[in-house]
1. Return the pair list, or none, for Cβ contacts closer than 9 Å from residues in segment 145-167 that are farther than 14 Å from A188 by Cα and among the small types (G, A, S) to residues that are near the ligand (Cβ under 8 Å from one of its atoms) and open to solvent by 30 Å² or more (accessible area, probe 1.4 Å), at least 6 apart or on different chains.
2. Working only within segment 122-142, note down all residues that are surrounded by 17 or more Cβ atoms within 10 Å (Cβ to Cβ) and more than 13 Å from the chain's Cα centre (by Cα).
3. Scan segment 207-225 and tell me whether some residue there is open to solvent by 20 Å² or more (accessible area, probe 1.4 Å), modelled with pLDDT of 95 or more and touching a His at 6+ places or on another chain (Cβ under 6 Å).
4. What is the residue count in segment 143-184 for residues that are open to solvent by less than 20 Å² (accessible area, probe 1.4 Å), more than 16 Å from I244 (Cα to Cα), assigned to a helix (DSSP H, G or I) and more than 16 Å from the ligand (Cβ to nearest atom)?
5. I need a count of the residues in segment 42-71 that are part of a loop (DSSP other than H, G, I, E, B), at negative phi and not hydrophobic (A, V, I, L, M, F, W, C).
6. Output the residue which, of all residues in segment 51-66 that are open to solvent by less than 50 Å² (accessible area, probe 1.4 Å) and β-branched (V, I, T), is farthest from the chain's Cα centre (by Cα).
7. Out of everything in segment 67-101 that is surrounded by fewer than 17 Cβ atoms within 10 Å (Cβ to Cβ) and small (G, A, S), what residue ends up being farthest from the ligand (Cβ to nearest atom)?
8. Of all residues in segment 2-18, how many are open to solvent by 10 Å² or more (accessible area, probe 1.4 Å) and either modelled with pLDDT of 95 or more or among the aliphatic types (A, V, I, L, M) (or both)?
Amino acid sequence: MTLLQGKTALIFGVANDHSIAWGIAKSFHAHGARLEFSYAGEVLEKRVRPLAGSVGATFVESCDVSRDEDIAALFEKVGRDLGTIDVLVHSIGFANRDELSGPYYNTSRAGFHTAMDISVYSFTALARASLPYMNPGGALLTLTYYGSEKVTPNYNVMGVAKAALEATVRYLAYDLGKRRIRVNAISAGPVKTLAARGIAGFGDMLKSHAERAPLGRNVEVSEVGDAALFLASDLSTGVTGEVIFVDCGYNIMGF
Ligand code: NAD
């Protein structure tokens, strides 16, 4: 099957081959998409460039999404080098490590701003900057977690940020529906990645999800990738503003 044949996807958030963004890239690649990448900064370049090359990407550009000037420069290059795109994947989240343990009430003002800026506002900023280049029928995707709805000890300010991100998905879906651009989120179960390692007690989270989920295990990155493929492709032309769980069913359990 080639669900994304003829489509170009710009993927933000690959840090290494464990990243959820990389799982998404692999599913898109298997379905014929042209893939292009943006990464957080020079430190990651050595890891991202070979991965991007392995799926034929030629556009591999740095962009710190907390900087408006980086976003503007990136999309200037998108216009110049790619012309238009069909899919944008925002697989970016960040909170200072010291905000991800202990009581939520200890969240600092600066830590709150950082988490909201990088994990939430950046999706709005990328959506707006991409508009001149997004083809009608296009799709924007972001990644969230169940800690937005229910208390997950230590997830703290990221839970608050994910709640705001999910609301962002709905507002953007309303705005962009008129242009036939869809906006959705995947709420993934826990996956051992660089970002996840910053959350205190993440090992316990993995264990408890696997024990309680109806499928009796944790989700594979490839399963998140395949759900992203559905949301990016014409299989989901009637779906927008949604948060779709890909968590082996964990979220349906009450006890
Ligand atoms: P990851 O560490 O592989 O990816 C996080 C990415 O965010 C990295 O590529 C990092 O470079 C990027 N990033 C951070 N600050 C940035 C900045 N200022 N500018 C540009 N990029 C920046 O970890 P991941 O788990 O693949 O995270 C991807 C997304 O998935 C995040 O939104 C995360 O919250 C979400 N998520 C993760 C899990 C999980 O358990 N791993 C579960 C649900 C949702």
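The values are calculated or read from the model by the stated rules, or taken from the named source; none is laboratory data. Here the structure is a predicted model, which is why all the values come from computation and not from measurement. Reconstructed Cβ throughout: ideal geometry from the backbone, glycine too, with neighbour counts over all protein chains shown. Side chains included, ligands, DNA and RNA excluded: accessible areas come from the protein's heavy atoms. Shrake-Rupley method; radii C 1.70, N 1.55, O 1.52, S 1.80 Å.
1. Qualifying pairs under 9 Å: A161/G93; A161/I118.
2. Filtering segment 122-142 for residues surrounded by 17 or more Cβ atoms within 10 Å (Cβ to Cβ) gives 122-123, 125-127, 129-130, 133-134, 138-142.
Correct list: A125, A129, S130, Y133, M134, G138.
3. yes
4. Of the residues in segment 143-184, 1 are open to solvent by less than 20 Å² (accessible area, probe 1.4 Å), more than 16 Å from I244 (Cα to Cα), assigned to a helix (DSSP H, G or I) and more than 16 Å from the ligand (Cβ to nearest atom).
5. Of all residues in segment 42-71, those part of a loop (DSSP other than H, G, I, E, B) come to 55-59, 63-67.
Now drop any that are not at negative phi, which leaves 55, 57-59, 63-67.
The next check asks that each one be not hydrophobic (A, V, I, L, M, F, W, C); those that pass are 58, 64, 66-67.
So the count comes out to 4.
6. Once the filter is applied, the top-ranked residue is V55.
7. G83
8. Looking only at segment 2-18, we keep the residues that are open to solvent by 10 Å² or more (accessible area, probe 1.4 Å), and these are 2-3, 5-8, 13, 15-18.
In the following step, the residues that additionally are either modelled with pLDDT of 95 or more or among the aliphatic types (A, V, I, L, M) (or both) were identified as 3, 5-8, 13, 15-18.
The qualifying residues number 10.
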